[in-house]
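Have a look at the structure below, then the notes.
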Amino acid sequence: MSRIRDVLLAAVLLTGLAGAASAQTQSSTPTTNAGTKLNFASNLGGATFERSVNYSAPPANNPGLGMSYFYSTPKRLAISVQVFDLGRRVPSGSDNPTVIGQFNSELASAEQQFKYAGYTAFQKPSVPSTCTYGAVSFRCVTYSGVTQANSRIYSKLLLTGFRDHFIKIRIDWAQSHQQTAADAETSLQSFIPALMR
C-alpha cells in the first residue's frame, strides 16, 4: 500500500464522512486554525503536514464540521486532527458530558466506517481510557479491524474539549507495515505537545 493511499484511507476513516473528504475544499498549505489558534505547521513533532480539508466551504457549507488536518510520520503512520464545534460551545477537558457524548458518537461512527470499508472482526475495549499528552487529557480508545487481505489495522481515537471546540485526533497503523502500538504512542508523545502548546 502506498503512503498516499495510507493517508487517504486514514482521511476517510478519521473524519467519519466516508467519501466526503475528497469533495471538500482542500489545501496543501499549513495554517493556523482560526477558532483555536492552534498552529498546524509543516512539521509537528516529526510528523509532516500532508493537507487540510475545510468542511465549512462549499460544497458542504457546514461550519460545525470545522477543519481536518492530515500528517504522516517517518514510519508511515497517519495522524489526523479534526477541529470542530457542531455549532455549539464545547466545554474544556475530556470528562464532561458534551465530550463524553461526542466521543461515543465518534466511536460508533468509526465502527460503521470500518464495516463500510469492508473490514471485519472489529475489536475495541469495553471502556475507553483517559490519555494525557503534555498538559492535555483526552478520552481515548484503540480499536482495530481486519482488512480483506487478512491484515489487522489499528486506530487510536482521542477527543477533548479545547478553546470552545472538539479536538479529535486519530492515528492509524497497520500490522502489514510492521507498525506497532509503541510506534503510534511515540508519535503521539511528540506530535500532541508540539501542536497543543
* Of all the residues that make up the range 65-100, how many are open to solvent by 10 Å² or more (accessible area, probe 1.4 Å) and touching a Leu at 6+ places or on another chain (Cβ under 6 Å)? -> 0
* To do: Could you tell me whether residue 122 is under 19 Å from residue 146 (Cα atoms), assigned to a strand (DSSP E or B) and touching a strand residue (DSSP E or B) at 6+ places or on another chain (Cβ under 9 Å)?
  => yes
* Confirm whether residue 36 is touching a strand residue (DSSP E or B) at 6+ places or on another chain (Cβ under 8 Å), among the β-branched types (Val, Ile, Thr) and part of a loop (DSSP other than H, G, I, E, B). => yes
* Does residue 112 meet the test of being within 24 Å of residue 176 (Cα to Cα) and either open to solvent by 60 Å² or more (accessible area, probe 1.4 Å) or touching a residue at least 40 places away in the same chain (Cβ under 8 Å) (or both)? -> yes
* Structure fact -> The lone condition residue 57 fails out of (1) touching a residue at least 12 places away in the same chain (Cβ under 8 Å); (2) closer than 21 Å to residue 163 by Cα; (3) assigned to a loop (DSSP other than H, G, I, E, B) is (2)
* Asked: So which residues in the range 134-180 are outside any strand (DSSP E or B), free of Cβ contacts under 8 Å to residues at least 40 places away in the same chain and open to solvent by less than 50 Å² (accessible area, probe 1.4 Å)?
  -> 147, 151
* To do: Please determine, by comparing only the residues of the range 99-153 that are of a type in the set (A, V, I, L, M) and closer than 19 Å to residue 164 by Cα, which one is farthest from the chain's Cα centre (by Cα).
  => 135
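The values are calculated or read from the model by the stated rules, or taken from the named source; none is laboratory data. What you are looking at is a predicted structure, and each value in this text was computed from that prediction instead of being measured. Glycine gets a Cβ as well: all are built from the backbone with ideal geometry, and neighbour counts include every protein chain shown. Accessible surface areas use protein heavy atoms only, side chains included; no ligands, DNA or RNA. Shrake-Rupley method; radii C 1.70, N 1.55, O 1.52, S 1.80 Å.
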